[in-house]
Amino acid sequence: MHFSLLTEKFIDYRMSKIPFSKVFQVCKNGEKLPFRVELEGVVLEGFLSLKNALGLVRLEALLKGQTPLVCDLSGETYFQNLNEVLDFYLSDGVISLESGNFSDIVECESGMIDLEEILRSELEMIRCDYHIKN
C-alpha cells in the first residue's frame with residue numbers, strides 16, 4: 001500500500017486514514033485536499049472537498065491501473081485496464097437525508113476517512129461484477 005497527501009497540511013504521509021475534523025479544518029474556505037493511495041497496482045488519486053450544507057465530504061477521484069478479473073464465460077484470468085471517475089460523498093457516521101437527492105453516500109466510521117478501504121471496496125465491486133474477456 002502506498003499513500004500520500006499532495007499537500008503540506010498533513011504531517012503523516014504514510015497514513016491512509018484522514019480524520020473528518022482535519023478535512024473540515026483544511027477545506028473550510030473552499031479549498032480541495034489532494035490525495036493519492038495505491039493498492040495492488042491500482043491508484044486512487046483525487047481531491048476531498050466540503051459539501052457544507054449537509055456536513056459531507058465530497059470525494060472526486062480517478063481510479064487507474066490494472067486489476068485481475070475472471071472471465072465469467074471461460075473462467076480465464078485476465079487483466080483489465082481501469083480508468084474510472086469516482087464522484088461521491090462521505091459522511092461521518094450514519095446520515096439521514098429527508099430532503100436532498102444524494103444517492104452516492106459512503107458512511108465512514110470512527111470519524112475517519114479510510115482511503116485505503118475506499119479503494120479496496122471499489123476494487124471488490126469491480127471484481128464482483130460480470131466480466132467477459134474480449
Handout entry: Sole exception among (1) part of a loop (DSSP other than H, G, I, E, B); (2) surrounded by fewer than 13 Cβ atoms within 10 Å (Cβ to Cβ) for residue 25, by number
Key = (1)
Practice task
Name, by its number, the condition in (1) open to solvent by 10 Å² or more (accessible area, probe 1.4 Å); (2) in contact with a Leu (Cβ under 9 Å, 6 or more places away or on another chain) that does not hold for residue 48.
Solution key: (1)
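How many residues are of a type in the set (A, V, I, L, M) and more than 16 Å from the chain's Cα centre (by Cα) if we restrict to the stretch 50-70? First the steps, then the outcome.
We begin by selecting, within the stretch 50-70, every residue of a type in the set (A, V, I, L, M); these are 50, 53-54, 56-57, 59, 61-63, 69-70.
Still in the list and also more than 16 Å from the chain's Cα centre (by Cα): 53-54, 69-70.
Number of matching residues: 4.
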Exercise for the section: Under 9 Å between Cβ atoms, at least 6 apart or on separate chains: pull out the pairs that start in the stretch 45-67 with a residue that is closer than 17 Å to residue 113 by Cα and without any contact (Cβ under 8 Å) to a residue 24 or more places away in the chain and end on any residue that is basic (Lys, Arg) and part of a strand (DSSP E or B). Expected result: 45/36; 45/64; 47/58; 49/58
Fill in the blank from the handout: The residue that is most open to solvent (accessible area, probe 1.4 Å), considering only those in the stretch 109-134 that are without any contact (Cβ under 8 Å) to a residue 40 or more places away in the chain and more than 12 Å from the chain's Cα centre (by Cα), is 134
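The values are calculated or read from the model by the stated rules, or taken from the named source; none is laboratory data. All values reported here derive from a predicted model rather than from experimental measurement. Cβ sites come from the backbone with ideal geometry, for glycine too, and all protein chains shown count toward neighbours. These area figures cover heavy atoms from the full protein model, side chains too; ligands, DNA and RNA do not enter into them. Shrake-Rupley method; radii C 1.70, N 1.55, O 1.52, S 1.80 Å.
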